[in-house]
Amino acid sequence: MRDAGSFDEFYRSTSRRMLRYGYAVVGDYTEAQDLVQEAYARAWRQWGRVSAHPAPEAWLRLVVARLATDRWRRLNGWRSALVRSGPPPVVPPPSEDGVLLLAALRQLPAAQRQALALHYLFDMSVEEIARETQVPTGTVKSSLSRGRARLAALLPGVSATELEAHDVA
């Protein structure tokens, strides 16, 4: 049986020291908070055993130290993988057309955006879109038509005819 009152008292009397200890061990305040929080969660789960330990705070320090060691092992694994594979490729900035298209799409109702995305990005037919979104095919056709017309109005130099020319179905 866990005694919440004694755990609360233990937490209040040790948490500041434990956080300072965690920070000293890992060198990062946010990471120290995470480690100490996990250590206290483990202590709570085993509070019956931990409270009977001759030095509960020492038990907690050991848990923090082991969690920090696990963290360093994980980071070293990531570093090794990075050394083996090299840095990730540089992602080019979005094109001006892409930025304009995204801004225009954000102004469309969600149903029109979804229909256009499924149709043009996944090459789905009207019937497939209707099945996936669970709406009638007429509603999908309407969403596509209205979405194209609205995009044509929002995008400078693009006509609805041009949008329909890129239609795949």
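Where a number appears in this text, it was derived from the coordinates with a stated rule and is not lab data. What you see is a predicted model, and the numbers here were worked out from it, not measured in a lab.
Starting at the first residue of the stretch 105-119, write each ³J(HN,Hα) from the Karplus equation 6.51 cos²θ - 1.76 cosθ + 1.60 with θ = phi - 60°, in whole Hz, x for Gly and Pro.
My calculation for the stretch 105-119 gives 4, 5, 8, 8, x, 4, 5, 5, 4, 5, 4, 5, 5, 5, 6 Hz in order.
Distance between the C-alpha centers of the stretch 59-85 and the stretch 103-139? Whole Å please.
45 Å
Please give the calculated 222 nm ellipticity per residue for the chain, where each DSSP H segment of at least 4 residues contributes -39500 (n - 2.57) and the sum is spread over every residue; nearest 500 deg cm²/dmol?
-25000 deg cm²/dmol
Could you give the alpha-carbon Rg of the chain over 2.2 N^0.38 Å, rounded to two decimals?
On the way: Rg = 28.6 Å, N = 169, 2.2 N^0.38 = 15.5 Å.
That works out to 1.85 for the chain.
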